[in-house]
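The values are calculated or read from the model by the stated rules, or taken from the named source; none is laboratory data. Just so it is clear, the model here is predicted, and its values are computed rather than measured. Glycine also receives a Cβ, built like all others from the backbone with ideal geometry; neighbour counts cover every protein chain displayed.
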Amino acid sequence: MHSFEFISAESDQLVRAAWLYYVGGNTQEQTAEILGVSRVKVARLLAEAREAGIVKISIEHRFGPMAEVEETIRKHYSLRFCRATPPLLSDSVERPAKMLSPAKLADEGPPARRAVAMIAVELLRERMQVDEECIIGVGWGRTTAEVASLMPAMRRPQVKFVSVMGSLTRNLAANLFEVVHKLAAKTGGEGHFLPVPFIANTVADRQILMSQRIVQETLALGEKANFYMISVGECDERAFLFENRYLSAEELAELRAAGAVGDAMGKFFNAEGQVVSSELNERTLAIDLNILRQQEVILLCGGRSKLRPAQGILKAGFVDGLLVDGDSASQMFHEIRAEVAS
């Protein structure tokens with residue numbers, strides 16, 4: 001939505017003000033309260049940014065105080081890279097935002113997802129600029145749907161976007177077919193999707209669906225992806241799968257009893273990064289997890305309701321890069337420091 005190109009340390013407050021106001025959806029009064037400055041100063045900072053013509057499509061400035069946070073997370077989980085947005089709720093990196101109730105965490109979801117989607121768009125643009133013929137594997141969820149919505153129009157006709165999970169859902173907004181179609185339309189590239197549901201009724205049904213030629217062809221293309229961009233889901237009543245009736249209350253209870261904390265790419269994981277024992281893992285239609293371990297996987301984590309699931313999936317060892325909102329990143333950072341100190 002908005003872009004800054006400053007390199008000085010003094011610009012950090014301006015960048016934070018822009019993220020809080022334009023991305024986080026805060027009022028000027030709320031932004032001023034979070035930053036600990038007057039509303040008049042916030043208005044002046046935002047006005048200066050507009051007058052200078054530095055507010056454009058996306059906020060591209062690397063937020064200085066997050067550098068240590070990103071590097072600590074990267075090393076802890078043996079990642080190739082970690083990119084975090086500025087915190088939207090914390091008043092500083094040193095004081096992470098207070099953990100909220102599940103209802104309040106759900107309220108903070110859209111701004112956090114939007115913030116992560118913006119840096120995901122930035123990364124996609126970087127990658128497509130380097131390789132105009134790249135193949136990008138896409139997993140579905142609310143954050144990847146936001147990425148497709150925020151992607152600006154650009155000319156990359158040789159890029160291929162491939163869904164690597166079942167694409168048919170009840171919710172059009174997060175339907176992976178719709179996500180892939182939108183990404184392809186905005187870049188002029190190709191869109192390929194799996195014309196099957198995410199969860200089959202039975203294991204036998206899954207085997208039949210996966211054996212279809214069009215499914216095999218799409219998966220074969222997906223296996224050639226230069227990298228995969230996926231998101232993480234919770235394993236509770238806030239879960240996208242539960243809200244959209246892909247998981248029944250009984251199935252959700254079964255998964256939680258098995259220790260599941262979240263899902264990614266059709267598999268449900270526990271807090272230690274292990275795939276839990278559940279028939280549901282045998283009924284999901286997605287690219288094989290072993291394929292992901294051979295390619296670059298970028299995980300999107302938008303919102304602190306995704307924090308525990310993301311930590312479990314990071315421990316699974318197949319994620320190479322993390323894009324995360326600043327408040328979740330700050331919480332992870334402090335937990336890692338506490339673990340090392342103990």
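Out of all the residues in region 127-144, which are within 19 Å of the chain's Cα centre (by Cα), surrounded by fewer than 24 Cβ atoms within 10 Å (Cβ to Cβ) and modelled with pLDDT under 90?
R142
Can you pull out the residues in region 312-329 that are within 27 Å of V15 (Cβ to Cβ) and touching a strand residue (DSSP E or B) at 6+ places or on another chain (Cβ under 8 Å)?
Within region 312-329, L314, V319, D320, G321, L322, L323, V324, D325, G326, S328, A329 meet the criteria.
Can you give me the ranges of the strands (runs of 3 or more DSSP E) entirely in region 148-232 with at least 3 residues that are of a type in the set (K, R) and at pLDDT below 90? Please lay out each step first, then the result.
Values: elements: 160-168, 190-197, 227-231.
Answer list for region 148-232: none.
Scan region 200-214 and tell me whether some residue there is crowded, with 17+ Cβ neighbours inside 10 Å, touching a Phe, Trp or Tyr at 6+ places or on another chain (Cβ under 8 Å) and assigned by TED's automatic domain parsing to the domain that holds G302.
Checked against the condition, which is being crowded, with 17+ Cβ neighbours inside 10 Å, touching a Phe, Trp or Tyr at 6+ places or on another chain (Cβ under 8 Å) and assigned by TED's automatic domain parsing to the domain that holds G302, region 200-214 yields no hits at all.
Does A145 satisfy the criteria of being in contact with a helix residue (DSSP H, G or I) (Cβ under 6 Å, 6 or more places away or on another chain), assigned by TED's automatic domain parsing to the domain that holds D131 and in a loop (DSSP other than H, G, I, E, B)? It would help to see each step written out before you state the result.
Working: in contact with a helix residue (DSSP H, G or I) (Cβ under 6 Å, 6 or more places away or on another chain): yes; assigned by TED's automatic domain parsing to the domain that holds D131: yes; in a loop (DSSP other than H, G, I, E, B): no.
Spelling it out, it is not the case that A145 is in contact with a helix residue (DSSP H, G or I) (Cβ under 6 Å, 6 or more places away or on another chain), assigned by TED's automatic domain parsing to the domain that holds D131 and in a loop (DSSP other than H, G, I, E, B).
When you check I214 against the structure, is it more than 29 Å from G312 (Cα to Cα) and hydrophobic (A, V, I, L, M, F, W, C), yes or no?
Working: more than 29 Å from G312 (Cα to Cα): yes; hydrophobic (A, V, I, L, M, F, W, C): yes.
Judged against the criteria, I214 is a match.
For region 315-332, name all the residues that are surrounded by fewer than 24 Cβ atoms within 10 Å (Cβ to Cβ) and either part of a helix (DSSP H, G or I) or not aliphatic (A, V, I, L, M) (or both).
Let us first name the residues in region 315-332 that are surrounded by fewer than 24 Cβ atoms within 10 Å (Cβ to Cβ), namely 315-318, 320-321, 331.
Residues satisfying the conditions are K315, G317, F318, D320, G321, Q331.
If you check Q311 against the conditions, is it closer than 23 Å to R74 by Cβ and either outside the structural domain of R74 (by TED's automatic domain parsing) or modelled with pLDDT under 95 (or both)?
Numbers: closer than 23 Å to R74 by Cβ: yes; either outside the structural domain of R74 (by TED's automatic domain parsing) or modelled with pLDDT under 95 (or both): no.
No.
Looking at F193, F198 in this structure, which one is under 21 Å from the mean Cα position of the chain (by Cα), within 23 Å of E133 (Cβ to Cβ) and hydrophobic (A, V, I, L, M, F, W, C)? Let's see the steps before the verdict.
On the way: F198 fails: within 23 Å of E133 (Cβ to Cβ).
When all the criteria are applied, what remains is F193.
Modelled with pLDDT under 65, crowded, with 18+ Cβ neighbours inside 10 Å and outside any helix (DSSP H, G or I), is that true of I59?
Working: modelled with pLDDT under 65: yes; crowded, with 18+ Cβ neighbours inside 10 Å: yes; outside any helix (DSSP H, G or I): yes.
Considered against the rule, which asks whether it is modelled with pLDDT under 65, crowded, with 18+ Cβ neighbours inside 10 Å and outside any helix (DSSP H, G or I), I59 comes out as yes.
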